[in-house]
1. Roughly what would the spin-label model give for B:Arg423 and B:Glu53, points 7 Å off Cα along C-beta, in nm?
2. Using the 4.7 Å Cβ rule, please list in number order the cysteines from chain A without any candidate partner.
3. How big, on average over all directions, is the shadow cast by the Cα convex hull of chain B, in nm²?
4. Using protein chains only and a probe of 1.4 angstrom, how many square angstrom of A:Arg127 are accessible, to the nearest 10?
5. At most 16 other Cβ atoms within 10 Å plus a DSSP loop assignment makes a site exposed; report the longest stretch of chain A without any exposed GluC sites (Glu not before Pro).
6. Using only alpha carbon pairs under 8 Å that are at least six residues apart, calculate the relative contact order of chain A and give it in whole percent.
7. On a 0 to 90° scale, report how tilted helix A:38-52 is relative to the longest principal axis of chain A, with both axes built from alpha carbons and the result rounded to the nearest 10.
8. DSSP beta bridges in chain B, what fraction antiparallel, as a percent rounded to 5?
Amino acid sequence: MQKIDRPGSALAILIVGLCLWHMFAVAAYLLPANSEGITQVIRHLSVPYVLSLSQWQKWDIFSPNPLRRNSVYRIERNAGDRWETAMIMDFHHLSWHERAKELKVLGRLQDSWKALLPDYLMSFCSRIPGGRGTDVRLLVATTILPSDLKSLKETAQNTLIPQETLLASVRCPRF
Amino acid sequence: MTTSRSHSGRMYEFWFRPVSAAGFGMMRSAFGLIAFVTMLLERENIQRFYGPEGILTRDMTGNVLRSMWRFSLLDYVGVYGTWLLYAILLTSLFCVMIGLGRKWMLLIAVVVLYSFHEYGSITLDGGDTFLRLIGFILLVSPCYRTFTVANLHRRLTLIRNTGKDQPATERCMPMWPYRLLLWQMILIYVSSSIEKWSGSMWRDGSAVAATLHLTDFTRLSPEIADVLSFLSPIVGYFTIFSQLAWGMLLLLGLMSFCGVLTREALNVFKRALLLCGALLHGSIFVLMDIGTFSLTVFAAYLGLLLDDDFRAIRQRLNTRIREPLIVLYDGRCGFCKKSVFALSMLDWLHRIEFASYHDPDNKKRYAPTISLHALNAEMHLRLQDGSYKKGFFAFRALTWHLPALWLLAPLLYIPGVSIIGARAYTFIADHR
């Protein structure tokens, strides 16, 4: 095998030093944010570096426990005396290339950024048939899965009652 | 003194031992492909998620996104600027995927991708975060030669001028980018397994069953998810322990560093972890739609493959191959040499030898009974049992030995394809 250019001692020490710092920093970033004492100091040292390089990370997918919430989102438009379903957003109604992202966004907004829900709903105004100049609203029907294995094995047989919640309502502009 | 010198030598070897850059080259192409396709599929939502008048308007970023240590080019552009950055991102990612342009193309792709991610935090999933981590490691890695257009051009020029290809083993890079990647993987898996272990559902075995019933992700009907739920405890514990086992690489690595364990034993353990991971993430990909996470993990796995791993994989897949297949080709024809070069690029399992029949030694050794006229008419393939295949049928036999063409191979046996294929081959051979 052809040898690569061997770095000089100073360069080698610099590269190893930077590697060790990077490894330390990303590991320290995984320490709990509410830690105290020396771990808090270590984490504070790493945060500016990790965030500046967009290396932030938290690997808690489906943990500590997976979500047990099944949601079907629905956009309705006001048809005078009643509300009509204009769009349903769930795994089956969204196209394969947008469902993961769209449902991720909806879950995030519902859990952490509720203030953005009206803007989210507004972004659909041009896509809703007859939506211009009318009132539209976003609802979610939620069912909670059981947590024990025995009940989970019989999920299809058990009728889970969905709970419906109004998430946002806006008036679409006339454009 | 001697101990100190050998210790520093080992340290140097640990960080700077030259290794094949093939794994990192493949990881770079996979990174480009995944990010390119993901962003391309978002084209209808670019202004919704990233535009100045989208869900998150520019003046709201301060309230919603973090204010410290954050940078995004999107903060400074309007509607047209957003489209321009999007076009730049797609172009640069495509170039990264095919290895066009020098390293600054990767720099542009990474910086603009980071900008989109830092702005569209509400859209991100684990796969997106993982992509950024891979992008950073690729960016700091000093090697950017493998699987590039420039390298392809250099090798083609070499073949045209000298008739010989440059050996693949010449591609190499220092070990430290691999160390960074491995450390990142250990952190991901170990922290993920600890997080899982802290949850009651993973410990009592119901977590996987619950996940299979989540309608946001699952590709299964509730009835099938019910049936598969009995596997939940086994799969759950397998997930936790196979992820936790990545931490063992640290201990085994230390033992290898101290000379207590051979490097090969360490690599065998790593390959076992990769196999478990492939099983796990492959199953997740088939059963659930959680975005790009599984695919991005596979991209990282490519970067973890070293020379020894490629050799071991080849040995495993070549256990029934006693001797190489011989492709007899016209070594005086430029088109034939290029075709052979293309085939050699696809010969990942190193099963094929290419021999020009104009070389008297090759002719005598591999095709003593075949006339020059017949050899000149079409490519001949000498199989392990000494029999020959010709033209289209030689190509069809070769496809079973070229992993990149495995999907094509069965299609070549569809009735009628051989008639069309043989005619097409003859036409090309006559006009070469």
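1. Placing both labels 7 Å along Cα→Cβ, they lie 5.8 nm apart.
2. Within chain A, the cysteines lacking a partner Cβ under 4.7 Å are A:Cys19.
3. With the hull built on Cα positions only, its mean projection is 29.0 nm².
4. Accessible surface of A:Arg127 is approximately 100 Å².
5. Within chain A, the longest run free of exposed GluC sites (Glu not before Pro) spans A:37-97.
6. 19 percent
7. The two axes meet at around 70 degrees.
8. 60 percent
The values are calculated or read from the model by the stated rules, or taken from the named source; none is laboratory data. The model shown is predicted, which means the values in this text are computed figures rather than measured ones. Ideal geometry is used to build each Cβ from the backbone, glycine not excepted, and the neighbour counts take in all protein chains shown. Areas reflect the complete protein model, heavy atoms only, side chains present, ligands, DNA and RNA absent. Shrake-Rupley method; radii C 1.70, N 1.55, O 1.52, S 1.80 Å.
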